[in-house]
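Right, one structure below, let's go through it.
The values are calculated or read from the model by the stated rules, or taken from the named source; none is laboratory data. Note that this is a predicted model, so its numbers are computed, not measured. Quick reminder, even Gly has a Cβ in these numbers, built from the backbone with ideal geometry, and neighbours come from all protein chains shown.
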Amino acid sequence: MEIGEALSPALRVVDLWAADTLLTTDDNVAFVPAFRRLLRDTAEQVRRRAIPPCPFPGRPAEEVFRLLAADQTEFRERYWFLRWGETVDNLSSYAYLDDALVLVFAFWRSDPAGREDRGRVFSATICPDEFTATLDAAVDLLEAKTAGRR
C-alpha cells in the first residue's frame, strides 16, 4: 500500500497492490475517514482469524476463485474481501485462511490504462500478522497525515 498526496483534508491518493499488481486502476482517491474505518475493520477481522478456511481444499487458488465467483448463493459472501469502496470497485475478490491468508481476485472491468487483465485471476499469499501490520501502519499514517503530523 502506498499513501500518496492529499487532494483535500478528506481525500488522499492511495495505491493498493497485491500479487505485484496495482489494484487501484480505476480510482485511487480514498475518502480517508471511511477508508481508515474499512482498513481497521479488515485488520481486526484478520487478527481475530475470522476468515473462513479454503472452501475447496486441495484446489488451486485460481480455481477456488472461479468456483466462488460462479456461486450465486450467500455462500460466496462469506469469502468476500477487500470491500474498501470505490478504490477497489473494479475487483471481485475473495480471501480464505489456511496457514496463510490467501487473496484471490480478478478485475471485472478493463484497465483504463489499456492493460488487459479483465477476467485474469490473481492470487497472493501473506502471513495474517504481516497483513494486519500493513493495514495498521497505513491507518496510523493516514491518521497522522490527516492530523497534519508527519
Complete set of residues in the stretch 4-45 that are among the β-branched types (Val, Ile, Thr) and either in contact with a Phe, Trp or Tyr (Cβ under 8 Å, 6 or more places away or on another chain) or modelled with pLDDT of 95 or more (or both): VAL13, VAL14, THR21, THR25, VAL29, VAL32, THR42
Matching strands (runs of 3 or more DSSP E) fully within the stretch 1-111 where at least 1 residues are under 21 Å from CYS127 (Cβ atoms): 2-6, 91-97, 101-107
Given the conditions (1) among the hydrophobic types (A, V, I, L, M, F, W, C); (2) surrounded by 14 or more Cβ atoms within 10 Å (Cβ to Cβ); (3) without any contact (Cβ under 8 Å) to a residue 12 or more places away in the chain, report the number of the one that ILE51 does not fulfil. (3)
Looking at GLU2, GLU74 in this structure, which one is of a type in the set (Asp, Glu) and farther than 15 Å from ALA138 by Cα? GLU74
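Does the stretch 129-150 include one or more residues that are under 18 Å from the mean Cα position of the chain (by Cα), in a strand (DSSP E or B), surrounded by fewer than 20 Cβ atoms within 10 Å (Cβ to Cβ) and at pLDDT 90 or above?
Checking the stretch 129-150: not a single residue is under 18 Å from the mean Cα position of the chain (by Cα), in a strand (DSSP E or B), surrounded by fewer than 20 Cβ atoms within 10 Å (Cβ to Cβ) and at pLDDT 90 or above.
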Return a yes/no flag: does the stretch 79-88 have any residue that is of a type in the set (A, V, I, L, M), in contact with a Leu (Cβ under 9 Å, 6 or more places away or on another chain), closer than 19 Å to MET1 by Cβ and in contact (Cβ under 8 Å) with a residue 12 or more places away in the chain. yes
